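Some notes on the structure that comes next.
We did not get these values from a lab; they are worked out from the coordinates using the rules stated. Because the structure is a prediction, the values reported are computed rather than measured. Counting neighbours? That spans all protein chains shown, and the Cβs are built from the backbone with ideal geometry, glycine included.
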Amino acid sequence: MSHPSRRLLVVGQTFPWPEVTGGRMRLANVIQALSRLGEVDLFAFVDGGRTDRAEVPDGARVHRVEIVARRHLPFQPLRRVQWMIAGRAPRPLAVLDVREAQQRFAAWLDGPYDLVWFHHVETHAVLGSQIDAPSVVDFDDLEDQKLHARLAGGHEMGRPERDIRLWFRWAGRLQDERDRRLWQELQRSVAARVRSVVVCSDEDRRRLGAANCAVIPNGYPAPAQPLGRVSVGQPAVILFAGLLTYPPNRDAAALLVQRIAPLIRAQMPAAQVRLVGQAPESLRRLADPPRVVVTGFVPDITAELARADLVAAPLRSGGGTRIKILEAFAHRIPVVSTTSGAAGLDVVSGREILIADTPEAFARACVTLLMDRGQRLRLAEAAQQLFLRRYRWDHIHDAIAALAEQVARAAVPA
């Protein structure tokens, strides 16, 4: 029996299967690419509220798996004040109870490894000191940039939804600014300690400014048959899909329903907005069938894509790249996005996508793509071609495997 040429360890901020979020999809594809090089072990965190089963699917080439629950410490007012004065870790790390994870990790390790791939900076901050091996840290999102966008208050779309009381706004901004600085310091510190770090766009590479930073874009699997359609349905369906408990998605969904959709209905009264994905109560209350449908979690997005005439991405903050936009490109479904929503993608407004940064302009762009058959066709064709050239996971696997092999090989003495 032949033995793998490399032994690799992946430390995941989440467990990647089922692939129902962009982060899980990215991690699952990293594992698939690394398995070309040899044997992959997976140590993964899961949130306590996760309800789906954490099982490795048939065909996934994972040798050993260990899963640990992410546990949080109370963040009471006194502890919050102490963090504001002297905290050295970003808030999400300051409230983590890491003792069990570190003990389980140390007991489970079966090194030596030729390479460790850390999924997100958080996992390296918690466990990186416990293993001595060439390492890659996949930042995916730059957390400081997400906070920077939130502090900037979005753009012409207006200020993201938040408590309007002056005291809470002031205190929240102070905390966000301190958090932003701590994330920035941590990202730079991690980049200086490991062989390579990874982001998902050239824009994020410029922002990070690390010499050892590589770009591995997000992707999407090429569908055998795109689901987009030329003719607009009756009623026209506008889709916003994603993890709607994620604050930037929650804010974008509320903006779409409350400020953009009424402007669209002024010209297309029957237009339907569909919010697809696990949603908080604040969004479920916005349901108003048939004008606004909130589906909750769906295990298979296929039916929703097949009925969608347009994908909307009115995000005012966030980071990384939007896999849901790539999904629409792959399926030839026209897309309207904000500048923030399309950040990190090699797109031009009017070529592959329409970009609009006010509710009025966003609504006009949606109406245009729902009523102008020629422009729908041109944008959908150009977007699909861009996807096929740049954002197919099977092509991106080559870049992941090449980077991993380069880092592992550089660690071996000549």
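Extension gain for F75 to N212 (0.36 nm times residue separation, less C-alpha to C-alpha distance): 45.8 nm. Its relative contact order, with pairs defined as Cα atoms under 8 Å and 6+ residues apart, puts region 231-281 at 59 percent. Full extension of the chain between D58 and S282 gives 76.9 nm of extra length, using 0.36 nm per residue less the Cα-Cα distance. Centre-to-centre separation between the Cα atoms of region 362-399 and those of region 244-290: 22 Å. When the Cα gyration tensor is reduced to axis lengths a ≥ b ≥ c, the ratio a/c is 1.5 or higher for region 324-414, and with a/b above b/c it is classed as prolate. Per-residue extension of 0.36 nm, minus the Cα-Cα distance of I67 and D394, leaves a gain of 115.0 nm for this segment. Counted over region 325-368 with a bin width of 5 Å, the fraction of Cα pairs per bin, in whole percents, is 5, 24, 35, 25, 10, 1. Cα axis of helix 166-193 to longest principal axis of the chain: angle in degrees, 0 to 90, nearest 10? So the inclination is approximately 50 degrees.
Charge dipole of region 1-95 (Cα centre as origin; +1 on each Lys and Arg Cβ, -1 on each Asp and Glu Cβ, all else neutral): 460 debye, rounded to the nearest 20. Once the convex hull of all Cα atoms in region 52-131 is built, its volume per residue stands at 125 Å³. The candidate values are (i) 26, 51, 19, 4, 0; (ii) 26, 57, 18, 0; (iii) 27, 57, 12, 4, 1; the one derived from this structure for P(r) over Cα pairs in 20 Å bins from 0, in percent carries the label (ii).
At the listed q of 0.10, 0.19 Å⁻¹, the Debye profile of region 1-153, built from one uniform point per Cα, gives log10 I(q)/I(0) equal to -0.40, -1.27. Mind checking the angle between helix 373-390 and the chain's longest principal axis? C-alpha axes, 0 to 90 degrees, to the nearest 10. So the helix axis and the longest Cα principal axis differ by about 10 degrees. Excluding the site residues themselves, the longest part of the chain lacking any chymotrypsin sites (Phe, Trp or Tyr not before Pro) in a DSSP loop with at most 16 other Cβ atoms within 10 Å is 76-296.
Take every Cα pair under 8 Å whose residues are at least 6 apart in sequence, average their separation, divide by the length of region 264-399, and the relative contact order is 20 percent.
Per-residue ellipticity at 222 nm from helix content only, as computed over the chain with -39500 (n - 2.57) for each DSSP H run of at least four residues, stands at -12000 deg cm²/dmol.
With each label modelled as a point 7 angstrom along the Cα→C-beta vector, the A303-R229 pair spans 1.5 nm. As a length-normalised measure over Cα pairs under 8 Å and 6 or more apart, the relative contact order of the chain settles at 16 percent. In order along region 259-264, the Karplus-derived 3J(HN,Hα) couplings, from 6.51 cos²θ - 1.76 cosθ + 1.60 at θ = phi - 60°, round to 10, 8, 4, x, 5, 5 Hz, and Gly and Pro are given as x. Across all directions, the average flat footprint of the convex hull enclosing the Cα atoms of region 237-390 is 8.0 nm². A simple spin-label model places the labels of S349 and A152 1.4 nm from each other, with each point 7 Å out along Cα-to-Cβ.
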